[in-house]
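I have placed the structure first, in the form of structure tokens, so that the comments after it can refer back to it.
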Number of protein chains: 2
Amino acid sequence: MKKPIAIQGIKGSFHHEVAQLYFNDNADVIECMSFDGTVESLLKGDTDFSIMALENSIAGSIIPNYALIDNHNLNIVGEYYLDIQHNLLALQGETMASIREVHSHPMALLQCKVFFKDFPHIKLVEAKDTADVAKQISEQKIKGIAAIASQKAAKLYGLDILAKSIQTIKHNETRFVIVERENNDLERKGLNKASLKFELDHKRGSLATILNVMSDCKLNLTKIQSLPKIDSPWKYAFFVDVTFEDYKDYEKAHSIMQLMAQNFKVLGEYKNARL
Amino acid sequence: MKKPIAIQGIKGSFHHEVAQLYFNDNADVIECMSFDGTVESLLKGDTDFSIMALENSIAGSIIPNYALIDNHNLNIVGEYYLDIQHNLLALQGETMASIREVHSHPMALLQCKVFFKDFPHIKLVEAKDTADVAKQISEQKIKGIAAIASQKAAKLYGLDILAKSIQTIKHNETRFVIVERENNDLERKGLNKASLKFELDHKRGSLATILNVMSDCKLNLTKIQSLPKIDSPWKYAFFVDVTFEDYKDYEKAHSIMQLMAQNFKVLGEYKNARL
């Protein structure tokens with residue numbers, strides 16, 4: 001059965017690619033122009049899943065997306081790691097000299113900044129979505145403007161690739177998560193990773209104590225990130241990912257941590273994509 | 001004595017503001033167009049200090065700046081917390097209706113995106129520096145274009161403030177650090193905070209053990225961030241900030257952690273700005 005999936009961006013975007021790879025091409029996507037838009041469509045029931053980039057090997061965690069998941073009590077049900085390669089796309093016949101402007105998402109522009117240093121005649125303009133620019137160039141036959149997007153987008157919209165892999169840091173891996181509206185009663189089969197959030201007072205050793213519990217219960221830590229609570233200067237929130245072999249070990253750790261930390265919350269339990 | 005300080009951006013930028021506040025107006029600044037530029041000027045000896053934004057209450061850690069400090073073995077010698085308020089600046093007589101484009105740094109554009117939803121006629125264009133746009137508008141009397149910058153920049157360049165505090169999240173605190181070329185023999189007086197980096201194998205409990213040492217040595221953790229090592233999938237790097245009351249406690253923890261973790265490195269020892 002095809003399930004409607006909210007993606008940030010349009011067909012040909014990296015989020016679209018993840019939707020296809022995660023759901024084995026069995027994905028009806030609904031194009032949204034922002035992460036907030038994907039969450040809105042999820043909450044209204046227009047879609048069953050939303051795909052969200054959550055962290056990047058260059059930029060670190062995408063904190064605003066953590067906040068969206070947390071604030072709307074969404075449930076992470078899966079993850080996917082994608083190696084992001086940016087390419088410069090334009091109409092057939094264009095050259096680096098004929099391009100006057102590159103329109104793309106600010107993050108893509110940032111990641112390809114160094115490449116454009118050699119082309120000072122090219123102006124960088126912010127756009128809402130990487131693939132959308134490619135689509136517009138293609139449909140409206142816009143000359144002199146290039147897009148930064150994937151090879152898939154080039155193929156989908158029939159554009160030439162003027163330059164391949166133009167991002168500064170060549171290995172640019174992004175972790176995406178698949179989220180649902182809320183924590184359903186999931187089948188407990190094959191779950192071996194969890195994303196947790198909790199708060200601790202700024203008291204010496206409080207984090208060490210929690211990590212000891214995790215370690216004693218045989219959980220492996222794959223990510224940890226502290227975030228100061230803006231309105232409570234001496235309190236910290238922690239986003240933590242753990243992997244485990246036996247769900248019972250995780251359950252035991254969960255019940256202890258819940259007593260020790262404040263506002264303990266499971267953002268999702270799912271299958272580790274890195275096994 | 002006035003010391004030359006490299007700042008990202010020009011006079012009127014937030015980095016300039018931090019330079020003035022940290023050095024009590026006793027600061028000769030050298031304007032650089034990128035963070036890489038500030039490091040270059042530091043390494044060449046053109047400047048003695050560089051100011052760098054390092055983390056933000058909205059976006060989290062600025063990982064590329066951590067990488068710059070780490071890769072060039074720079075030394076953090078101080079920190080400063082600034083509440084970033086974005087304002088829309090233009091020539092006198094302009095109105096929201098007469099503005100066609102806003103030019104600013106991609107981060108500033110991102111942080112003010114929601115405000116511009118109500119003004120769909122305004123095009124957002126990426127620029128290198130927030131204050132530089134203000135300067136150009138002022139010097140070249142450019143009509144129809146607005147800048148996103150601080151109140152200080154408005155004053156410095158004689159521009160009108162069309163809208164105040166236009167960033168989506170009103171409390172927008174950024175932590176800046178002051179860095180030097182290398183770890184000099186500092187005076188040990190008043191040091192009560194350190195930034196550390198170390199690596200651990202993906203082994204259960206390895207981080208908990210390190211945190212136990214910190215806790216036993218009376219160190220307080222104020223920040224922790226894991227970062228997967230791209231080329232060593234099962235190894236993690238950690239950026240950690242600790243505070244302490246007695247430097248001897250820190251020295252003790254330091255000597256133990258150095259033995260337990262791999263590639264243990266002190267990014268800087270300095271005075272906590274939050275006391």
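Reported to the nearest whole Å, the Cα centre-to-centre distance from the stretch B:1-43 to the stretch A:1-73 is 40. Within 10 Å of the Cβ of each residue in B:198-206, the mean number of Cβ atoms contributed by other protein chains is 3. Sorted shortest first, the distances from the A:MET260 label point to those of the same residue in the other copies are 1.5 nm; each point sits 7 Å from Cα along Cα-to-Cβ.
Quick one: angle between helix A:247-260 and the longest Cα principal axis of chain A, in degrees between 0 and 90, rounded to 10, please. On a 0 to 90 degree scale, this one is about 80. Counting neighbouring beta carbons within 10 Å and listing from fewest to most, the residues B:VAL266, B:VAL29 come out as B:VAL266, B:VAL29.
Would you mind counting up the charge near B:ALA127? Only other residues with Cβ under 12 Å from its Cβ, with Lys and Arg at +1 and Asp and Glu at -1.
Neighbourhood net charge equals -2.
The stretch B:189-207 and the stretch B:249-275 have Cα centres separated by 7 Å. Across the cross-link table entries A:LYS252/B:LYS223; A:LYS117/B:LYS193; A:LYS123/B:LYS141; A:LYS44/A:LYS123; A:LYS113/A:LYS265, which are compared at the Cα atoms, the separations over 29 Å belong to A:LYS117/B:LYS193; A:LYS44/A:LYS123; A:LYS113/A:LYS265. Annotation: average projected area of the stretch B:1-45 is 2.9 square nanometres, based on the convex hull of Cα atoms across all directions. Counting only Cβ charges, +1 for Lys and Arg and -1 for Asp and Glu, the dipole size of the stretch B:87-163 around its Cα centre is about 20 debye. Which of B:ILE166, B:ALA208, B:ALA154 sits closest to the plus end of the dipole of the protein assembly as shown, meaning its Cα is farthest towards the positive end, when Lys and Arg get +1 and Asp and Glu get -1 on the C-beta? The residue sitting farthest along the positive end of the dipole is B:ALA154. Where the alpha-carbon atoms of the stretch A:193-267 are placed on the principal axes, they occupy 37, 20, 17 Å, in descending order. Distance between the pseudo-spin-label points of B:LYS123 and B:ARG274 (7 Å out from Cα toward the beta carbon): 4.3 nm.
With all projection directions averaged, the alpha carbon convex hull of the stretch A:87-163 covers 4.2 nm². Based on C-alpha pairs under 8 angstrom that are at least 6 apart in sequence, the stretch A:87-163 has a relative contact order of 50 percent. Comment: the Cα-to-Cβ extended label point of B:ASP48, at 7 Å, lies 6.5 nm from its counterparts in the other copies, nearest first.
Considering the rotation that superimposes chain A on chain B, the residue of A whose beta-carbon lies nearest the axis, and that distance in Å, is A:PRO106, 2. Mean sequence separation of contacting Cα pairs (under 8 Å, at least six apart), scaled by the length of the stretch B:194-267, corresponds to a relative contact order of 47 percent.
Each Lys or Arg adds one and each Asp or Glu subtracts one; over the other residues with Cβ under 9 Å from the Cβ of B:LEU109, this totals -1. Seen from a random direction on average, the alpha-carbon convex hull of the stretch A:1-138 projects onto 9.2 square nanometres. A simple count of charges around A:ALA153, restricted to other residues whose Cβ falls under 14 Å of its Cβ and scoring Lys, Arg +1 and Asp, Glu -1, yields -1. Straight distance only, please: which aspartates and glutamates reach the Cα of A:LYS135 with their own Cα at less than 18 Å, same-chain residues fewer than 8 apart left out? A:LYS135 reaches A:GLU17, A:GLU31, A:GLU94, A:GLU101, A:GLU126, A:ASP160.
What you get for chain A, charging only the Cβ of Lys and Arg (+1) and of Asp and Glu (-1), is a dipole of about 560 debye around the Cα centre. Taking the fewest neighbouring Cβ atoms within 10 Å as the starting point, the ordered list for A:TYR80, A:TYR270 is A:TYR80, A:TYR270.
I need to check one value: relative contact order of chain A, counting alpha carbon pairs closer than 8 Å and at least 6 residues apart, in percent.
The normalised contact order for chain A reaches 22 percent.
Each DSSP beta bridge with both residues in the stretch B:87-163 is either parallel or antiparallel, and the antiparallel ones are about 45%. Across the copies of the chain, B:GLY158 has label points (7 Å from Cα along Cα→Cβ) spaced 5.5 nm apart, shortest distance listed first. Candidates A:LEU267, A:SER98, A:VAL240 compared by Cα position along the dipole of chain A: farthest toward the positive end lies A:SER98, with charges placed on Cβ. Placing +1 on the Cβ of every Lys and Arg and -1 on the Cβ of every Asp and Glu, with no other charges, gives the protein assembly as shown a dipole of roughly 160 debye about its Cα centre.
Once the mean of 1/r is taken over each pair of separate Cα atoms and inverted, the stretch B:82-223 shows a Kirkwood hydrodynamic radius of 18.5 Å.
Sum -39500 (n - 2.57) across every DSSP H segment of at least 4 residues in chain B, then divide by the residue count to get the 222 nm mean residue ellipticity, nearest 500.
That comes out to -8000 deg cm²/dmol.
Summarising the overall dimensions of chain A from its C-alpha atoms, the Rg and Dmax are 20.9, 65 angstrom. For the protein assembly as shown, the spread of Cα coordinates along the three principal axes comes to 73, 61, 37 Å, biggest extent given first.
Only the coordinates and a few stated rules stand behind these numbers; no lab work does. A quick note: this is a predicted structure, and the numbers were derived from the prediction, not measured. Every residue, glycine among them, receives a Cβ derived from its backbone with ideal geometry; neighbour counts consider all protein chains shown.
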